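Let me begin by presenting the structure, written as structure tokens, before commenting on it.
The values are calculated or read from the model by the stated rules, or taken from the named source; none is laboratory data. Being a predicted model, the structure only gives us computed values, none of them experimental. Backbone-built Cβ (ideal geometry, glycine too); neighbour counts: all protein chains shown. Note: accessible area is taken over every heavy atom of the protein model, side chains too, but ligands, DNA and RNA are not part of it. Shrake-Rupley method; radii C 1.70, N 1.55, O 1.52, S 1.80 Å.
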Amino acid sequence: LIDYEEDIMANSSSSDRINSNSNCDEQFPTSALLTAIVSVTSTVLYLLIQKKSQSNDDQEIDFRSDVVSFSSCTIAASRALESERDDALVVDPLAHILAGAHALKERRGLLSTASTSRIAIRTKYFDDFIGSFLTQRPTLYTAESAGSTPNADNICGNKTSSNNYRFQVVHMGSGMDARAYRLTGIPKETLFYDVDTEKVLRYKQTLLAKAISDPNTAKELKDMIQNGNRRRKSVSANIESAHEWESSLLSSGFDPQRPTCWVLEGLTYYLGSDDIVSELLSKMRQLSLHQHSSLIMSLATK
């Protein structure tokens, strides 16, 4: 507004300018004054509308201020675009919802076919690995608990029971991932732990809640969200602090004694150093007391 008002003054004729030697009752030119008032009023109204919208809708993550968090939305947008293809490798019914309008619009205009394919291939590979872990392991556990293998009654130092076979999937830096919702044919007792920043998890939950309350959302999607919510837990933590995310994860109900699939998808690139990655992997190993726990990760160098 300061620059705008200076431009008004500069463009005024000499007779319209404020004279420092004139009397105190001389007025700022009426046309310029009205223009400035309108400008200030419009700006104030815009800011109030933006603030109200932000408080009510928990606005989309702004890529200009948080590139890392916004990347989770663009990845979801990639899955959404892949889902639209007739020959899609993966179909993610919630991707359009979790991407958000801004990321989806940006990716639709800029995303290359090669980049879309890369995300689709990675998602498909991870889906298949996690699905296999969750669906094939129960047969193995049942055989062990029946006494068909040595030490069948003592896995990780504990008597086997149905509770020992409740699987856990821990997704570090989960972003807008929706596997807890879209993976089918897996044990209903499976628990998914989404570990990410509070900002990302809060935004994700807001989008899902809005989809449920939206009368235009298909019933199948609402059912998918509600079913997924029952087996998904949000764990807010700084992933670069092993102590912090370990504490938050354990507080959320994670049990190191249960078979766990650790997921690091597109995460390591954003971590600050090799030491942080090493500490992350070391802590995950310490928390994997069950002999059938697994790790799947993608590794990208800078």
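Listing for the model above:
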{"item": "Number of Lys pairs (Cα under 23 Å; 8 or more positions apart or on different chains) in segment 178-270", "result": "14"}
{"item": "Approximate spin-label separation Arg118-Leu295, in nm, with each point projected 7 Å along Cα-to-Cβ", "result": "2.4 nm"}
{"item": "Residues whose placed amide H lies under 5 Å from that of Trp262, excluding near-sequence neighbours", "result": "Val170, Ser294, Leu295, Ile296"}
{"item": "Solvent-accessible surface ranking, highest first, for Lys204, Lys210, Lys283 at 1.4 angstrom", "result": "Lys210, Lys283, Lys204"}
{"item": "Which of Arg85, Arg285, Arg118 is most accessible, then next, and so on - probe 1.4 Å", "result": "Arg285, Arg118, Arg85"}
